[in-house]
Structures are given as C-alpha cells and as structure tokens.
1. Filter segment 13-36 down to residues that are away from the ligand (no atom under 16 Å from the Cβ) and either open to solvent by less than 60 Å² (accessible area, probe 1.4 Å) or acidic (D, E) (or both), then give me how many there are.
2. Out of the residues in segment 58-70 meeting the condition of being under 17 Å from L36 (Cβ atoms) and of a type outside the set (S, T, N, Q), tell me which one is most open to solvent (accessible area, probe 1.4 Å).
3. Being β-branched (V, I, T) and open to solvent by 30 Å² or more (accessible area, probe 1.4 Å) is the filter here; which residues of segment 71-88 pass it?
4. Take the conditions away from the ligand (no atom under 16 Å from the Cβ), in contact (Cβ under 8 Å) with a residue 60 or more places away in the chain and not charged (D, E, K, R) and apply them to A180. Does it pass?
5. Output the number of the condition that G227 fails; it satisfies all remaining conditions of (1) free of Cβ contacts under 8 Å to residues at least 40 places away in the same chain; (2) open to solvent by 20 Å² or more (accessible area, probe 1.4 Å); (3) out of contact with any Ser or Thr (no Cβ under 7 Å at 6 or more places or on another chain).
6. Determine whether segment 83-92 contains at least one residue that is touching a residue at least 12 places away in the same chain (Cβ under 8 Å) and part of a strand (DSSP E or B).
7. Go over the candidates G123, G145, G111 one by one and state the one that is among the small types (G, A, S), surrounded by fewer than 17 Cβ atoms within 10 Å (Cβ to Cβ) and free of Cβ contacts under 8 Å to residues at least 40 places away in the same chain.
Amino acid sequence: MHWQCRQDRLIIGAQPLIMGILNATPDSFSDGGSYLSLDAALARGREMLAQGADIIDIGGESTRPGAEPVDARTEMGRVLPVIEALATVPGARISIDTAKAEVAREAVRAGACIINDVTALEGDPQMAAVVRETGAGVVLMHMRGTPRTMQDNPQYGDVAGEVADWLATRLVAAGVSGIATEAVVLDPGIGFGKTAAHNIALIAGLDRIARLGRPVLAGMSRKRFIGVLSGVEDADDRLAGSLAALTAAILHGASILRVHDVAESVQAARVAVAVREVFREHTEQQAEAAA
Ligand code: HH2
C-alpha cells in the first residue's frame, strides 16, 4: 500500500511512519508556546527529522478541549514562515494541521505535501477542492462536536464500529469530491469527543478501521486519557504511557503515529513491529498446519 502526497509516494510497509508534532501555537496542550519563534521552530523540526521523523506536522491553531478558534491570517502568520524554512531542509516532508482551506492552500504553496484536517473535509466547504487541486495527501479524522464542545459527555454504543462506519462514509465522500483514494489516510481522532474508555476501545479496535483499506494514523501522544489511566497530571510527564499506547496501536493496525517524542517513539515502534511480525508468522504457520 502507499500514500500519495503530491509527487511523493510514501510506502506503507512493516515499519510505521512517525509524524513529529510541531505546534507554532501559544496554547497547545503540551508544546504550546515553545516554538513561537521561527528559529526555535526550525531547530525543533530539524531535530525531529534527525531523530527519524518521516513527516513533520505543523499546526497554528490548538484543538485542545475548550480551545478558542483563531482566524486564518493569524494561523498563516504562525505556520507559513516555519513551513517555508523547513521545506528547504533535505528530506523534510511537511504536513499542515489545519481545518481552513485558505491556510491549507498557502501551506502547500509554501512546501507542505499533506493536509491534516481534523474535520475530515466537513469544516470548510473549500477544503476538498484544495486537496483535489493540489494533489496533497489528506488525513481524515473523526471528531464528535467541535474542540469547544467535544468533551461534553460523549456517548457511543460500539465506539470502534461507529467511528469506522463514519470514516468509511468520509472516504466515499472524498472520492465523490474527486480526491484519489491513494491520497487518503484515516484517523479515529483519539481524544476528540471521547472518554478514556472510548479511546482504549478505539486503540483495541483499530483493525476495524484498517479493514477499510487505507492506512490508519493514530495520535495518542501525551493526551489526557494517558493521564487518566496513569494518574500523571502533567502532560510533559506522559512519555512512558504514550509509548505503551503507541505499541498497542501498532499491534492493532496503526501505520502512522503522530508523536511529540520522536526518538523514543522510533525505538518503541521498532520493537513493537518486530514482535508483531513474528506473531503474524506464527499465526500463518498455525493456520497452514490446520488447513
Ligand atoms: N491530535 C491533535 C491535533 N491534531 N491530528 C490528527 N490527525 N490526529 C490527532 O490525534 C491530532 C491531530 C491534538 O494534539 P496537539 O497538536 O499536540 O495539541 P493541540 O491541538 O492543543 O495543538
């Protein structure tokens, strides 16, 4: 399988891709305020690439629960200089984390090849056209409600089934808009309108999304459910829990992991993949023996 992102064809093989998070925001839940200056953001981007990041995901608007929206001008003022600068670094592959079509279009012009839209093309009526016309890769993410309201008592019956069904309809809608299937990646939206129990059920049920035939992206890094499960209050202290979630997600079918801690995640991913591959071999051998 591959993920077509403009001219770039990303091979989705045994090793998952690591997407490093770079938030040029004052208020993101974990790294907010750390990379507001261009120099600091560029240095962090270079560092994550050196640590093995396959993609750098740049955001200029926080989506943490209760976050205030920002206008397109403000968002572009934050992200475009960083994208332009990072795009000149050899091997840099850039994703823009935005729900605004205007920001996405300018970000691609500045050097991004992936549009990470947490509204799955439902937020801005122009977004599908931007994805189609630029040929960018696109992440379609599930969210219930908006960042302001999403954590107000979310309810599901079978969360993994409902999220997979919804993503299936968004995949079809993208195709109807003229977006190539090969350009699409699906994301359950861990933490977006979900309780800790919902997030765990989603991680354990990722294979149900993977069965839709497109790569699955999972973003769990330092999120609140890890704090709920572990009792660790400070988001910056949640690395160990994040690596446990990453390992589980890989074992259940995730191909792309969105993370703050690139070096540690690359290491954990290698170990998780090694175990998964041997497990698959054993399962196949058992099935052959039984046949
Ligand atoms: N999570 C966040 C932001 N964007 N995009 C995708 N596709 N999947 C995710 O799980 C996801 C995302 C939230 O994390 P972060 O960017 O670290 O914080 P903030 O939204 O506060 O900037």
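The values are calculated or read from the model by the stated rules, or taken from the named source; none is laboratory data. Since the model is a prediction, treat every value here as computed from it, not as a measurement. Positions of Cβ are backbone-derived with ideal geometry, glycine not excepted, and every protein chain shown enters the neighbour counts. Ligands, DNA and RNA are stripped out before the accessible areas are found, and what is left, the full protein with its side chains, is counted by its heavy atoms. Shrake-Rupley method; radii C 1.70, N 1.55, O 1.52, S 1.80 Å.
1. Applying the first criterion (away from the ligand (no atom under 16 Å from the Cβ)) to segment 13-36 yields 13-15.
With the extra rule that they be either open to solvent by less than 60 Å² (accessible area, probe 1.4 Å) or acidic (D, E) (or both), the set shrinks to 13-14.
Adding up the residues that qualify gives 2.
2. Of segment 58-70, the ones under 17 Å from L36 (Cβ atoms) are 58-62, 64, 67-68, 70.
Next, only the ones that are of a type outside the set (S, T, N, Q) stay: 58-61, 64, 67-68, 70.
Numbers: I58: 0, G59: 1, G60: 0, E61: 42, R64: 77, A67: 6, E68: 107, V70: 35 Å².
So the residue we want is E68.
3. T74, T88
4. Details: away from the ligand (no atom under 16 Å from the Cβ): yes; in contact (Cβ under 8 Å) with a residue 60 or more places away in the chain: yes; not charged (D, E, K, R): yes.
Yes.
5. (2)
6. No, because not a single residue in segment 83-92 is touching a residue at least 12 places away in the same chain (Cβ under 8 Å) and part of a strand (DSSP E or B).
7. Details: G145 fails: free of Cβ contacts under 8 Å to residues at least 40 places away in the same chain; G111 fails: surrounded by fewer than 17 Cβ atoms within 10 Å (Cβ to Cβ).
Matching residue, one of G123, G145, G111: G123.
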